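Here's the structure we're looking at; comments come further down.
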Amino acid sequence: MYLDFFRAMKTKIYVCTKGKHCKANGGKKIFNHLKIQEDLLEGQCNLEVKKSDCLGFCKHAPAISVSPMDKVYKCVDLKTCNEIIAKISSYR
């Protein structure tokens, strides 16, 4: 039943791209990678990737937030992005 809740909801990934540290540590690269994944999964997964202002994890940049799970990922790299996308895809 808990899994059905996530299947019905749109998963939104907010990528910090405007904070000074996230911008300097590849926030835009992470955003672009996730946007490509969003396009590839269109129709298979109810996913939306959006740019975000500072998430408050500057010492652990770049950071992303995933809702409705209310999960924050810090020190994100492309491998982490792929793991997150795989996890989200498995919910669908």
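The values are calculated or read from the model by the stated rules, or taken from the named source; none is laboratory data. None of these values were measured; they are calculated from a predicted model. Virtual Cβ from ideal backbone geometry, glycine too; neighbours counted across all protein chains shown.
Of note:
- Summed over segment 42-67, the residues that are in contact with a strand residue (DSSP E or B) (Cβ under 6 Å, 6 or more places away or on another chain), farther than 8 Å from Cys16 by Cα and not small (Gly, Ala, Ser) give a count of 5.
- In segment 62-73, the residues that are in contact (Cβ under 8 Å) with a residue 60 or more places away in the chain form Cβ pairs under 6 Å with partners that are hydrophobic (A, V, I, L, M, F, W, C), at six or more places apart or across chains, as follows: Pro68/Met9.
- Residues of segment 38-63 that are touching a Cys at 6+ places or on another chain (Cβ under 7 Å) and buried (at least 19 other Cβ atoms within 10 Å of the Cβ): Ser52, Leu55, Ala61, Pro62, Ala63.
- Test: residue in segment 31-45 that is modelled with pLDDT of 95 or more, on the phi > 0 side of the Ramachandran plot and out of contact with any Leu (no Cβ under 9 Å at 6 or more places or on another chain): no
- Any pair with Cβ under 6 angstrom, 6 or more apart, that starts in segment 29-55 at a residue that is over 12 Å from Ile88 (Cα atoms) and ends at one that is of a type in the set (Ser, Thr, Tyr) and not in a loop (DSSP other than H, G, I, E, B): Lys50/Tyr14; Ser52/Tyr14; Leu55/Ser65
- Note on segment 14-70: residues that are among the aromatic types (Phe, Trp, Tyr) and within 14 Å of the chain's Cα centre (by Cα) total 2.
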